[in-house]
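Working notes for the structure below.
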Amino acid sequence: MKILIIEDHPKIRANIIEYLTLKGYTAEGAMHGKEALELLHWHYDIIVLDMNMPVMDGRTFIETIRKAGDQTPVIVLTSNSLIDDKITMFDLGADDYVVKPFEMRELEARIISLSRRRDKAIDDIIQFGEYSIDISRKIMKKWNKQVELSHKEYGIIEYLSRNKWYPKRKLDILEAVWWMREADLAMDSVTLEVHISTLRKKLGKSVITTIKWTWYLIS
């Protein structure tokens, strides 16, 4: 597995690279987001990203690669453990996070978990109504024309379409798409509701049905 470590602190970056290398991974480093963008043509399986960096910070880096269509899984390194900040990171397109200071074993566990989830992706097409979802390419089309979706909007649609005809609770979606840990699942569901509202504007109100206020269904 090839991993890119984007961290401006030389010692932290070197320690992570050394640990992962000893564990059998291929680990490379960048000191900020701008340098990392120049390395992405080498293709990495996972990116470990510090949020607070000079030149180009983590927030700008995630926004840049997601807008370019790069769906490489990203684990954020952050010193902030507040729920609102975690939600912001997920909304930007991050896939998981580790709070500083952290044990290297925890970071490795996150990498392994994220890799397993990525490997479960199914190379097929899901069809419903006039829409189709290409799972392998992570895109949605309407009559062969691509629908522009944010990282999390696509995640919601893919999850609901995989479970077509089976209503899913808000907490189910939050856990599957935001990958919130069990202790965080009591978060306010407003974030999800905003994304659902935006999806309905893009796809039509009838695509996602609300059942008894707390369940969603693609029909």
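Just so it is clear, none of the values below were taken in a lab; they were calculated from the coordinates. Values in this document were obtained by computation on a predicted structure and should not be read as measured data. Here the Cβ is made from the backbone with ideal geometry for all residues, glycine too, and neighbour counts use every protein chain on show.
Order these by the 10 Å Cβ neighbour count, fewest first: H43, H9.
H43, H9
With an 8 Å Cα cut-off and a minimum separation of 6 or more residues, compute the relative contact order for region 2-119 in percent.
Relative contact order comes out at 22 percent.
Pairs K152/K205; K86/K141; K164/K212; K145/K202: which exceed 22 Å Cα-Cα? Intermediate results must be reported in sequence, preceding the final value.
Working: K152/K205 18 Å; K86/K141 30 Å; K164/K212 17 Å; K145/K202 13 Å.
Flagged as over cut-off: K86/K141.
Provide the descending list of Cα extents for the chain along its principal axes, expressed in whole angstroms.
Taking max minus min along each principal axis of the Cα atoms, the chain gives 53, 37, 31 Å.
Of all the C-alpha pairs in region 12-61, what % are more than 13 Å from each other?
Counting pairs separated by more than 13 Å, the tail of P(r) holds 58 percent.
Hey, what did region 125-218 get for relative contact order, percent, Cα under 8 Å, at least 6 apart? Please list the in-between numbers first.
Numbers: 97 pairs, mean separation 22.4, N = 94.
Result for region 125-218 is 24 percent.
Quick one: among I17, I125, I111, which has the greatest mean-square fluctuation in a GNM of the chain with alpha-carbon springs under 10 angstrom?
Among I17, I125, I111, the largest mean-square fluctuation in the Gaussian network model of the chain belongs to I125.
Which of K164, K138, K23 moves the most in a Gaussian network model of the chain with Cα springs under 10 Å?
Largest GNM mean-square fluctuation: K23.
Relative contact order for the chain using alpha-carbon pairs under 8 Å, separation at least 6, rounded to a whole percent?
Once divided by the residue count of the chain, the mean separation gives 13 percent.
Using a Gaussian network model of the chain whose springs link C-alpha atoms within less than 10 Å, name the residue from L22, L107, L77 with the highest mean-square fluctuation.
Greatest mean-square fluctuation among the candidates belongs to L22.
Two decimals is fine: what is log10 I(q)/I(0) at q = 0.13, 0.15, 0.19 Å⁻¹ for region 1-131, from a Debye sum with one equal scatterer on every Cα and no solvent?
-0.53, -0.69, -1.09
Evaluate the distance, in nm, between pseudo-label points positioned 7 Å from the Cα of Q146 and of S219 along their respective Cα→Cβ axes.
If labels sit at Q146 and S219, their model points lie 3.1 nm apart.
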